[in-house]
Amino acid sequence: MESAALPRHSASGAAASRPATADAGYQAYVMLRVAFAVAPIAFGLDKFFNVLVSWPQYLAPWIDRIVPGSAQSAMYAVGVIEIAAGLLVALKPRYGAPLVAAWLAGIVVNLLTFSGWYDIALRDFGLMVGALALTRLAWHYDPPLRRTS
């Protein structure tokens, strides 16, 4: 017996129609997609204005030594990458969510190598797990790009 909450699939395996909005998995996918689109864009924009926090304080000294320019300049680059990742999640979460998860993994490494930010590293690890969950859901609900010949 086929569940009405799950999308029906054609012989090719593609979803025949949009999943039912009552499907709990689809609801979780939408919530995570919105969160992981909005948050990186908002935090990326704040890298330019430092309204929420002074972001350069979170850059590990060893990373500050290897990137050109100041820590704030590095935060500008981080901001651009975060905005791009958030936009990619909004447009194509199948590809954007793993990028956000990898980015968060990099942030966790940065924070774990810089004493005093372990609580924030743990929070970002949780966010990374959420981005991985979105990745898995996107593999189900967001079809891959198809080449046109």
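Where a number appears in this text, it was derived from the coordinates with a stated rule and is not lab data. Owing to the predicted nature of the structure, the values given are computational and were not obtained by experimental measurement. Counting neighbours? That spans all protein chains shown, and the Cβs are built from the backbone with ideal geometry, glycine included.
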Over the chain, what is the relative contact order in whole percent, taking alpha-carbon pairs under 8 Å and six or more residues apart?
-> 24 percent
Once every DSSP H run of n ≥ 4 in the chain is given -39500 (n - 2.57) and the sum is divided by its residues, what mean residue ellipticity at 222 nm do you get, rounded to the nearest 500 deg cm²/dmol?
-> -22500 deg cm²/dmol
In this structure, the FRET efficiency calculated for LEU145 and ALA28 from their beta-carbon separation, with R0 = 22 Å, to the nearest 0.05, is 0.45
On Cα atoms only, tilt of 93-112 relative to the major axis of the chain in degrees = 30 degrees
Quote the FRET efficiency, to the nearest 0.05, computed for TYR76 versus LEU112 with a Förster distance R0 of 25 Å and r equal to the Cβ-Cβ distance.
-> 0.60
Where is the GNM fluctuation largest for the chain (alpha-carbon springs, 10 angstrom cutoff): VAL38, VAL80, VAL53?
-> VAL53
Write down the Å³ per residue value for the convex hull defined by the alpha carbon atoms of segment 13-91.
-> 136 Å³
Calculated P(r) tail over 26 Å for segment 24-141, as whole % of Cα pairs = 19 percent
Report ³J(HN,Hα) in whole Hz for each residue of segment 33-41, in order, from the Karplus equation J = 6.51 cos²θ - 1.76 cosθ + 1.60 where θ = phi - 60°; Gly and Pro get x.
-> 4, 5, 4, 7, 8, 5, 4, x, 5
